Structure formats: structure tokens, C-alpha cells
1. Between K187 and L165, what is the label-to-label distance in nm when each label sits 7 Å out along the Cα-to-Cβ direction?
2. Report the GluC sites (Glu not before Pro) located in the range 163-199 that are in a DSSP loop and have at most 16 other Cβ atoms inside 10 Å of their Cβ, or state none.
3. On the Cα set of the range 217-294, report Rg and Dmax in Å, please.
4. So if we plug the beta-carbon distance of S222 and F280 into 1/(1 + (r/R0)^6) with R0 = 22 Å, what FRET efficiency do we get, rounded to 0.05?
5. When the label point is put 7 Å from the Cα of N264 along its Cα-to-beta-carbon vector, which residues of the range 281-298 have a backbone N closer than 11 Å?
6. How charged is the neighbourhood of D244? Take every other residue with its Cβ under 13 Å from the Cβ of D244, and add Lys/Arg as +1 and Asp/Glu as -1.
7. Under 5 Å between amide H atoms, partner at least 5 residues away or on a different chain: which partners does A143 have, H built in plane at 1.01 Å?
8. What does the charge add up to near V267, with Lys and Arg as +1, Asp and Glu as -1, over the other residues with Cβ less than 12 Å from its Cβ?
Amino acid sequence: MNYKLLTIVGLVGMGVVVGATLDSFTKTGPAVSDETRPVKSAPEDGLSNPFSSVSGTSDNKLAQLEQTIHSLQVTIEAETQKRQQLEQKVAMLEKGIKPGIDRSAQKTGDDNQELNSAASNPHQPGAFSQNANWFNEQALLDAGIDQAKVSYIKNVFEQAEMDKLYVRDQATREGWMGSERFNNAMKEISDRTTALRAQLNDDEYDAYLYAAGRSNRVIVESVLTNSPAGNAGIQAGDTILSYDNKRIYSWNDLTSATSAGAANSTVAVTIVRDNQQQQFYVPRGPLGIRLTTDSIAP
């Protein structure tokens, strides 16, 4: 009898435990250990961040904006350079430099800047007199260059000019005028005549530029009052002959020279004023001057 009573009590106890377990399972779901339970990290301030999903998008927009600004800067620099080139072209055309030169292929010094003017093409009927020369051979002879060297220089120049005309003709027919292909082809041809600088001394190269109708003088157009040039005494109308003992034939020559070497080191600038040479000393770097160019007989 006692055994039966104990058995009944045990069964009742087990029923209570099982019932409680089933009730807990129904309300809370299956138990999950700390190792398998997903954990969401909360912000340090205990608040959710509503902008966390937008962070990546904001970064992308910022990168796109920076790229757009950079592109605009490049465009502005290119437009500024084009404006400077246009100003040089207008200045040279106003001065009527070297009639008889085909300005459709003419260069301003060594800077590979083309002057495009179909009206000044010597092959156009009535453009210039029949005695006008494409290349002033006599200017080289007057500079004391012997005939053999003059003939060589003339051949290099004329072959380059003819090749430019062929490139222009082909580019016009095939529709790639003004493209990168066109610019590269023209630069390759111009490099042949630019290479003459290494083969000639300063006076010979000066005479060559004049004979070819290209600028060989850089003239100060205006000076900022408190600039290095203004403080040194350089004035508007001065012709810059050399910078740091290097001859200057174009504004590009001067720009390259001021950017070379150690900044703020003292260099000599030789100018011509009233047909007299004078020398000034300036810190290497920007001079604070505006320039124009000219083609003058040596």
C-alpha cells in the first residue's frame, strides 16, 4: 500500500514538472544559449543611429562632388591657357608680324601654339605679294651662318611645314581635325624644328625664329607694383633677354625658367630698355608681370 502511494505521488510530481515545462516553452519559445543568440550592438549613447544606412551614400556623393570640382579646375586651367594663346594671336596679328608666313602652321616660339588664319595663307591668291618668302633665308645669312648650315635649317623647316599641311589635309578629309590624334601628329612634326635649338647657338637660334616668322622676344606688358619684378625695377616695355643666364625667346621659356631650380634663390634677369641692356636680380619664382611676344630682327 505504501509503495502504491509513493508511486502515485511520484507520478503526480512528474506531471506537474512536465506541465510547467510545456507552459514555459509555449510562452517563450525554445531556449537559446548565449553562444547562438544573435546580438545587436547598440550605439554608445544607447540610441539607434537613423543615419547609419545613409553614411555610405553620403561618402559616395562627397567623392563625386570632389571629382566634379577637380574636373572644373582642369577645365578652367585649360580655358585660361586658351585665352592666353588667343591674346598672343591677337597681339601678333595687330602688329602685322612677318607677312608672307603661313600662319595656319606658324608657331609662337617653342610652345607649339598654332596660329590659325586662313586669310594669311600665302597660297591663297592675292594674299601677299609674289616676292614674299615663306622662310627668310637671308636673315640667317645676315646672322653670319654659313650657306651649308642655312640650307640644312631651311630644309628641316620646309619639310616640317609641308608635313603639317599633309596632316591637316588628311585630318580634314577623315574627320579627326582637332582631335588628340591630330595634336599628337602636329607635335611630332614640330619637335623636329624645336630640336634645332640644341644644334644652334643662341644667336643662330634667334635668327632662325625670326626667319621662320616665330616670336623671338618676350616683352613686359605690365607689372604688379609690389611684385618681385616691380621691386627689382623691371618696367612695362622691357624686353626680357635672359633669365638666370638662359636666353628667353617665348613666354613658355620664361615660365619654365622661373619654375626650375630652388625657389627664392636669387637669379639675374637681363632686359633691354631703350636699346640698352640692364640686369636686375629677383628671387626665383613668379615675377608678377604680364607678357606679350614679338618677332624682331636680331
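1. Reported label-point gap for K187 and L165 is 2.6 nm.
2. Numbers: sites: E174, E180, E188; in loops: none.
For GluC sites (Glu not before Pro) across the range 163-199 that sit outside H, G, I, E and B with at most 16 neighbouring Cβ atoms in 10 Å, the list is empty.
3. Just the Cα atoms of the range 217-294 yield Rg and Dmax of 11.0, 32 Å.
4. On the way: r = 17 Å, r/R0 = 0.75.
That pair, S222 with F280, gives E of 0.85.
5. Those under the cut-off are 284.
6. Spelling it out: positives minus negatives among the neighbours equals +2.
7. none
8. Details: positive: K246, R284; negative: D244.
Every neighbour counted, the sum reads +1.
We did not get these values from a lab; they are worked out from the coordinates using the rules stated. Everything quoted here is computed from the prediction, not taken from an experiment. So basically every Cβ, Gly included, is an ideal-geometry build from the backbone, and we count neighbours across all protein chains shown.
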